[in-house]
Amino acid sequence: MRPTLEAVSLTKRFGQVVAINDASFAIRPGAITGFLGPNGAGKSTMLRLFLGLAHPTAGSALVDGKPLREWPAPSRKVGAVLDTRCVHPSRRAIDSVRWAAWLAGVPASQAETLLDQVGLGAVAGQRTGKFSVGMRQRLALAIALVGDPEIVVLDEPMNGLDPEGIAWLKELLRGFRDEGRTVLISSHLLAELEDLVDDLVVIARGRIIGSGSATAFIDRFQTQTISVLSDKPEPLCAAVIDAGGEVMEMHGQRMEISGLTSIQLGEIARDAGIALLGLTEERSLKRAFTEATADTTDL
Ligand SMILES: Nc1ncnc2c1ncn2[C@@H]1O[C@H](COP(=O)(O)OP(=O)(O)OP(=O)(O)O)[C@@H](O)[C@H]1O
């Protein structure tokens, strides 16, 4: 099976800045892949390389085995949303989609259907200048779909969407997968992608630090912590360390513990004669992920 998007020893420099550093990965056709990394990691640059909007310094960015520009009808291969300021503000939404179809050399007959599909059917005749960020995201998506593309590439599409909009977008993307399309979606927030993606490609400082199954990645980098409130924090701290656990933080009676299960912690407290006044388990992806990318930026 041929990968749909593949980076082969790909490097992109901007003067002294190495935005992409010898990156190699392939994404699975028919899957939703999350492209995850902190701000400035190189996500947009990578997507631009795939779309032929930037040229590699070395290596290649391939769409079904060759650069996108070598495909006779690129818009049927890939539809992308990189920037939501892609339309003229005085143009009506419907005309923006028709214009995009004309530019792509495909029939504009689907423009209304596409606006309906992204939830903008009711405002198709309105000029886009006053559209909200969320509406612009939807419009950009309609424009990306004009060529009925096999692959959909989205750069941080959840920015500016409210929770309802995010839920809608996730359903739409799952629908694309059901239709057999391939989806690549970038984000700097793992939590944003967690319940959506099948696979992940993780980038930090221009380097690919992992790719493959999202579940495997999350299992690998997830830390289980327990937040516990006790009447004797110091003795509990000592007992936790004796049992091989780690005390991550202590604030008065509350402490954050890792390396033990809640049951183990309960037994340790019982044996030491310490009352636990409260206990919550937390899955910390953020801290684990920040460690994985060796970056202090929030993810
Ligand atoms: N046209 C350019 N000229 C010079 N440097 C650039 C250019 N485009 C990107 N860079 C640099 O390349 C690096 C990667 O930037 P890029 O925008 O690809 O990251 P990103 O992961 O998409 O970040 P963000 O989430 O903030 O958009 C950054 O250091 C950025 O400053």
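The values are calculated or read from the model by the stated rules, or taken from the named source; none is laboratory data. Here the structure is a predicted model, which is why all the values come from computation and not from measurement. When we count neighbours, we look across all protein chains shown, and the Cβ atoms used for this are built from the backbone with ideal geometry, even at glycine. Protein only, heavy atoms only, side chains kept; ligands, DNA and RNA dropped before computing areas. Shrake-Rupley method; radii C 1.70, N 1.55, O 1.52, S 1.80 Å.
Would you check if GLN117 is assigned by TED's automatic domain parsing to the domain that holds LEU173, in contact (Cβ under 8 Å) with a residue 40 or more places away in the chain and not acidic (Asp, Glu)? When the stated conditions are applied, GLN117 passes them.
Evaluate the following for LEU189: is it aliphatic (A, V, I, L, M), within 16 Å of the ligand (Cβ to nearest atom) and open to solvent by 20 Å² or more (accessible area, probe 1.4 Å)? Judged against the criteria, LEU189 is a match. Could you please find all residues in the range 49-99 being more than 25 Å from the chain's Cα centre (by Cα), surrounded by 14 or more Cβ atoms within 10 Å (Cβ to Cβ) and in contact (Cβ under 8 Å) with a residue 60 or more places away in the chain? Within the range 49-99, none qualify. Selection of the range 138-160 for residues being within 16 Å of the ligand (Cβ to nearest atom) and either open to solvent by 10 Å² or more (accessible area, probe 1.4 Å) or touching a residue at least 40 places away in the same chain (Cβ under 8 Å) (or both) yields ALA140, VAL153, LEU154, ASP155, GLU156, PRO157, ASN159, GLY160.
With respect to ARG48, determine if the residue is in the same structural domain as GLY210 (by TED's automatic domain parsing), modelled with pLDDT under 95, within 17 Å of PRO157 (Cβ to Cβ) and of a type outside the set (Val, Ile, Thr). Spelling it out, it is not the case that ARG48 is in the same structural domain as GLY210 (by TED's automatic domain parsing), modelled with pLDDT under 95, within 17 Å of PRO157 (Cβ to Cβ) and of a type outside the set (Val, Ile, Thr).
Meeting the requirement of 1 or more residues that are under 17 Å from GLU282 (Cα atoms), the strands (runs of 3 or more DSSP E) wholly within the range 188-230 are 223-230.
Within the range 253-271, the set of residues being under 10 Å from VAL240 (Cα atoms) and out of contact with any strand residue (DSSP E or B) (no Cβ under 8 Å at 6 or more places or on another chain) comprises GLN264, ILE268.
Please work out which residue is nearest to the ligand (Cβ to nearest atom), limiting yourself to the range 127-137 and to residues that are touching a strand residue (DSSP E or B) at 6+ places or on another chain (Cβ under 8 Å) and open to solvent by 10 Å² or more (accessible area, probe 1.4 Å). Filtering the range 127-137 for residues that are touching a strand residue (DSSP E or B) at 6+ places or on another chain (Cβ under 8 Å) and open to solvent by 10 Å² or more (accessible area, probe 1.4 Å), the one nearest to the ligand (Cβ to nearest atom) comes out as GLN137. In this structure, ASP219 does not qualify as among the acidic types (Asp, Glu) and in contact (Cβ under 8 Å) with a residue 60 or more places away in the chain. When the range 251-280 is filtered for residues that are open to solvent by less than 70 Å² (accessible area, probe 1.4 Å) and either outside the structural domain of ASP231 (by TED's automatic domain parsing) or within 12 Å of LYS232 (Cα to Cα) (or both), the ones remaining, listed by number, are GLY252, MET255, ALA269, ALA272, GLY273, ILE274, ALA275, LEU276.
Considering every residue within the range 164-172, establish whether at least one is within 16 Å of the ligand (Cβ to nearest atom), open to solvent by 20 Å² or more (accessible area, probe 1.4 Å) and either of a type in the set (S, T, N, Q) or in the same structural domain as PRO29 (by TED's automatic domain parsing) (or both). Scanning the range 164-172 turns up no residue that is within 16 Å of the ligand (Cβ to nearest atom), open to solvent by 20 Å² or more (accessible area, probe 1.4 Å) and either of a type in the set (S, T, N, Q) or in the same structural domain as PRO29 (by TED's automatic domain parsing) (or both).
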